[in-house]
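Below: one structure, written as structure tokens.
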Amino acid sequence: MMLGVLLARAGVDAIVLEKYPDFYRDFRGDTVHPSTLELLYELGWLDDFLALPHNEFQTASAMIAGEPVRVADLRYLRTHCKFVALMPQWDFLNFLAERGRRYPTFHLMMSTQGAGLIEAQDRVSGARATNTVGEIEIAAKLVVGADGRHSTIRALAGFEVDDLGAPMDVLWMRIPKHPDDPTRQLGWVRTGHMVILLDRGDYWQCAYLIPKGSFAQLRAKGIDALQQELAQTVPPLRDRVSELDDWSKVAMLDVRVDRLERWHRPGLLCIGDAAHAMSPIGGIGINLAIQDAVATANVLAAPLRAGAVPTEADLQRIQDRRMFPTKVTQAFQTFVQDRAIDPLMQGAPVTSPPLLARLFDEFPLLRRLPARLIGIGVRPEHVHTPDAFGPAPSRASISR
Ligand SMILES: Cc1cc2nc3c(=O)[nH]c(=O)nc-3n(C[C@H](O)[C@H](O)[C@H](O)COP(=O)(O)OP(=O)(O)OC[C@H]3O[C@@H](n4cnc5c(N)ncnc54)[C@H](O)[C@@H]3O)c2cc1C
């Protein structure tokens, strides 16, 4: 969505296809990081965005084996927003769609599924899609696969995928929130179990990590078993886990970490999870996908606006620019998966917070490192594309 909006804003005819009729699905993750908030500031949209209902956190803590540890502090970041905004993805996506619709060059086609690539003279020259009317063909100077970790477009393109693996899957569910609930702890860890709680105002969006491929086993034990495991891992919620009385209230999200060795071929480019599926570790994936979109628009808006067809060199420039942050971020995610999550999922005893967590808790300066890596990331992008329809974006300063 971000790429479509930026290209349209720059005066390029951009068509965004979304296979579902709306965005009201319990997407993965709500975390809008300072790097993304900075982009919204550069576009002059930050005030409007923050006017939408959302929660914010400036520091992150966890409860490990019953001991609270502070792990990240975003208050020292050199960004306009020194916090993570928690907003359901459907609100964020609808916000971007509304911004896009301000431009005559923005075309969002919902309920339209990309299903095929049109090829001519050894290059991709468009896409086939199906919608409620039937099959349509769209000719395009460039087709971008931004269709997520189960990408149809990357499969159609025959791109090679390097699977980095993940030792866990995630159960996604909602649990009512009470006013006196502890709000400081984002993560709750005990031997064999880990829960992440995202504050959605009147309920917790709850992510429960389970060993990879073990959902059927847990289901066979019954919903009571899940209730008990949650109550033991997050004791403050034990008085309402019974509300999770049916498996239809639990979504299983398979975690994948992978990346394409090559993100493009003539007429086609993959970005976001379609180019590199991200683990939920650090809640970075959305923000990295948006960074890809900004880098792509920065390189392609001018040639596309001038009517040129993007060259392989253009597309390689985008991959070269984004591959480094992708590799570093995935290296961090797989390091945490291998050193912390995997042993945990295997049942390694957790009797106290590990040394690294204790060091973060002890030394405030150290807590700035995860804040920097996760909050801003490696090689943050900035908006260099113009608004072809309006005045230059305002730089009204926001101090928080
Ligand atoms: C369990 C879990 C929790 C996560 N939590 C977080 C978090 O807290 N914070 C965070 O930043 N990241 C999180 N992530 C990662 C994050 O969700 C992804 O990295 C991010 O959503 C990638 O964005 P994207 O736009 O590339 O793909 P997606 O968000 O997957 O969007 C792809 C879109 O394409 C549509 N689509 C798919 N196929 C087609 C088709 N053929 N035609 C048309 N449309 C199509 C889909 O409906 C979807 O709307 C999590 C991941 C998992 C698995």
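How large is the direction-averaged shadow of the alpha-carbon convex hull of segment 217-285, in nm²?
For segment 217-285, averaging the hull's shadow over all directions gives 7.1 nm².
Restricting things to Cα coordinates, could you compute the convex hull volume per residue of segment 276-349 in Å³?
79 Å³
Quick one: how many lysine pairs does the chain have with C-alpha atoms less than 24 Å apart and a gap of 8 or more or different chains? Give me the count, please.
7
Residues with amide H under 5 Å of Gly11's amide H, sequence separation 5 or more or different chain, H placed in the peptide plane at 1.01 Å from N; which?
When sequence neighbours closer than 5 places are left aside, the close amide H contacts are Ala388.
Taking segment 99-162 on its own, what percent of its Cα-Cα pair distances exceed 14 Å?
64 percent
Over all directions, the average projected area of the alpha-carbon convex hull for segment 110-251 comes to how many nm²?
For segment 110-251, averaging the hull's shadow over all directions gives 12.5 nm².
Over the alpha-carbon set of segment 253-400, work out the extent along each principal axis and list the three values in angstrom, largest first.
62, 41, 24
Return the Cα extents of segment 53-164 along principal axes one, two and three, sorted largest first, each rounded to a whole Å.
Dimensions of segment 53-164 along the principal axes of its Cα atoms: 60, 39, 29 Å.
Of Met252, Met173, which has the most accessible area and how do the rest follow, probe 1.4 Å?
Sorted by accessible area, descending: Met252, Met173.
Pick from Gly116, Gly285, Gly375: which is most flexible by mean-square fluctuation in a GNM of the chain where alpha carbon atoms under 10 Å apart are linked?
Looking only at Gly116, Gly285, Gly375, the biggest GNM fluctuation is shown by Gly116.
Computed FRET efficiency, Cβ-Cβ of Asn131 and Glu98, R0 30 Å: what is it to the nearest 0.05?
Result of the calculation: an efficiency of 0.90.
Test of understanding: what is the full-extension gain from Tyr24 to Arg78, defined as 0.36 nm times their sequence separation minus their Cα-Cα distance?
16.1 nm
Give me the orientation-averaged projected area of the Cα convex hull of the chain, in nm², one decimal.
19.8 nm²
With a 1.4 Å probe and every protein chain left in place, tell me how much accessible area Arg75 has, in Å² to the nearest 10.
Around 110 Å² of this residue is reachable by solvent.
So if I take the alpha carbon set of segment 130-212, get Rg, then get Rh from the Kirkwood formula, what is the Rg over Rh ratio?
Computed over Cα atoms, the ratio is 1.17.
With an 8 Å cut-off on Cα pairs and a minimum separation of 6 or more residues, tell me the relative contact order of segment 4-86 in percent.
Value for segment 4-86: 30 percent.
Where the centre of each part is set by its Cα atoms, how far does segment 299-335 sit from segment 198-250, in angstrom?
Segment 299-335 and segment 198-250 have Cα centres spaced 39 Å from each other.
Lys221 to Ala306: FRET efficiency via 1/(1 + (r/R0)^6), r the Cβ-Cβ distance, R0 45 Å, to the nearest 0.05?
According to the calculation, E is roughly 0.15.
Could you compute Rg(Cα) / (2.2 N^0.38 Å) for segment 1-93, with N its residue count?
Here the Cα radius of gyration is 1.32 times the empirical estimate.
Hey, can you grab everything whose amide H is under 5 Å from the amide H of Ser125? Only 5+ residues off in sequence or another chain; H modelled, so Pro and N-termini drop out.
Ile118, Glu119, Ala120
What Kirkwood Rh does segment 161-318 have if only Cα atoms enter the pairwise 1/r average? Answer in Å.
18.3 Å
Most fluctuating residue of Gly283, Gly187, Gly158 in a GNM of the chain with Cα springs under 10 Å: which is it?
Residue with maximal mean-square fluctuation among Gly283, Gly187, Gly158: Gly158.
Mind grabbing the accessible area of Glu56 for me, 1.4 Å probe, Å², rounded to tens?
80 Å²
Which residue, Pro34, Pro354, Pro167, has the most motion in a Gaussian network model of the chain that connects Cα atoms within less than 10 Å?
So, out of Pro34, Pro354, Pro167, the one fluctuating most is Pro354.
The values are calculated or read from the model by the stated rules, or taken from the named source; none is laboratory data. In this text the structure is predicted, and so the values were computed from the model without any measurement. Because the Cβ atoms are built from the backbone with ideal geometry, glycine has one as well, and the counts that use them run over all protein chains shown. Heads up: the accessible areas ignore ligands, DNA and RNA and are worked out on the full protein's heavy atoms, side chains in. Shrake-Rupley method; radii C 1.70, N 1.55, O 1.52, S 1.80 Å.
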